[in-house]
Amino acid sequence: MDNTEIIRLLNAAFVHEIENSLTYVRNSFVMWDCDPSRVTEAIAVDEMRHMWWLADLITKRGGEPIMEHRALEFGGRDLKSQLERQIVLETEAIDIYKHIINVAGDPEVVGVAQHILDEERRHRKEFKERLARI
Ligand SMILES: [Fe+2]
Ligand SMILES: [Fe+2]
């Protein structure tokens with residue numbers, strides 16, 4: 001895969017991380033239950049760290065991080081639908097990183113993507129556990 005295409009893939013992942021971190025920051029403010037709110041806030045910080053790692057890969061390859069994200073979807077007004085939305089976002093992230101691992105052909109990119117993928121799987125598990133308790 002050529003450099004331009006790798007940067008494009010990394011930027012798609014970067015924008016998705018923006019959407020996830022903003023969604024989780026917002027949802028953590030409105031969740032009344034303390035435990036899911038704290039978990040969502042902590043995971044928002046993980047997503048910001050993923051942004052940092054991706055931006056590092058992008059700029060090292062001569063690209064610039066793209067900041068334009070889609071309109072945000074937070075879920076509904078209740079905890080259940082917010083957690084369901086967050087599980088969808090984690091599943092999307094898992095698919096993004098699996099794809100990067102399969103096609104990038106760049107050992108540094110694949111290594112970072114593998115590390116992030118493990119964290120996204122853990123995030124989804126954390127949200128699913130909170131959903132199961134409702
Ligand atoms: Fe992430
Ligand atoms: Fe995540």
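Each reported figure results from applying straightforward, stated rules to the coordinates on display, with no laboratory input. Since the structure is predicted, the reported quantities are computational estimates derived from the model, not experimental observations. We place every Cβ from the backbone using ideal geometry, glycine too, and count neighbours over all the protein chains shown.
What to note about this one:
- Checking each residue in the stretch 102-132 for being touching a residue at least 12 places away in the same chain (Cβ under 8 Å), in a helix (DSSP H, G or I) and of a type in the set (A, V, I, L, M, F, W, C) picks out 103, 109, 112, 113, 116, 117, 127, 131.
- Residue tally, condition surrounded by 14 or more Cβ atoms within 10 Å (Cβ to Cβ) and in a helix (DSSP H, G or I), over the stretch 31-45: 7
- Being assigned to a helix (DSSP H, G or I) and either more than 16 Å from ligand 1 (Cβ to nearest atom) or small (Gly, Ala, Ser) (or both) is a property that residue 27 lacks.
- Residue within the stretch 76-86 that is within 12 Å of ligand 2 (Cβ to nearest atom), closer than 22 Å to residue 25 by Cα and either of a type in the set (A, V, I, L, M) or in contact with a Ser or Thr (Cβ under 9 Å, 6 or more places away or on another chain) (or both) present: yes
- Qualifying residue in the stretch 9-29 (condition: surrounded by 14 or more Cβ atoms within 10 Å (Cβ to Cβ), over 15 Å from the mean Cα position of the chain (by Cα) and more than 16 Å from ligand 2 (Cβ to nearest atom)): no
- Residue check, residue 103 closer than 21 Å to residue 22 by Cβ, away from ligand 1 (no atom under 12 Å from the Cβ) and surrounded by fewer than 15 Cβ atoms within 10 Å (Cβ to Cβ): no
- Of all the numbered requirements in (1) of a type in the set (Gly, Ala, Ser); (2) within 16 Å of ligand 1 (Cβ to nearest atom); (3) closer than 21 Å to residue 134 by Cα; (4) out of contact with any helix residue (DSSP H, G or I) (no Cβ under 8 Å at 6 or more places or on another chain), residue 111 misses one, and that requirement is (3).
- One residue alone among 124, 130 is surrounded by 15 or more Cβ atoms within 10 Å (Cβ to Cβ), farther than 30 Å from residue 2 by Cα and within 16 Å of ligand 1 (Cβ to nearest atom), and that residue is 124.
- Condition met for residue 48 (surrounded by 15 or more Cβ atoms within 10 Å (Cβ to Cβ), farther than 20 Å from residue 99 by Cα and either among the small types (Gly, Ala, Ser) or in contact with a Leu (Cβ under 8 Å, 6 or more places away or on another chain) (or both)): no
- Per-region count, the stretch 59-101, residues of a type in the set (Lys, Arg), over 15 Å from the mean Cα position of the chain (by Cα), assigned to a loop (DSSP other than H, G, I, E, B) and over 21 Å from residue 35 (Cβ atoms): 1
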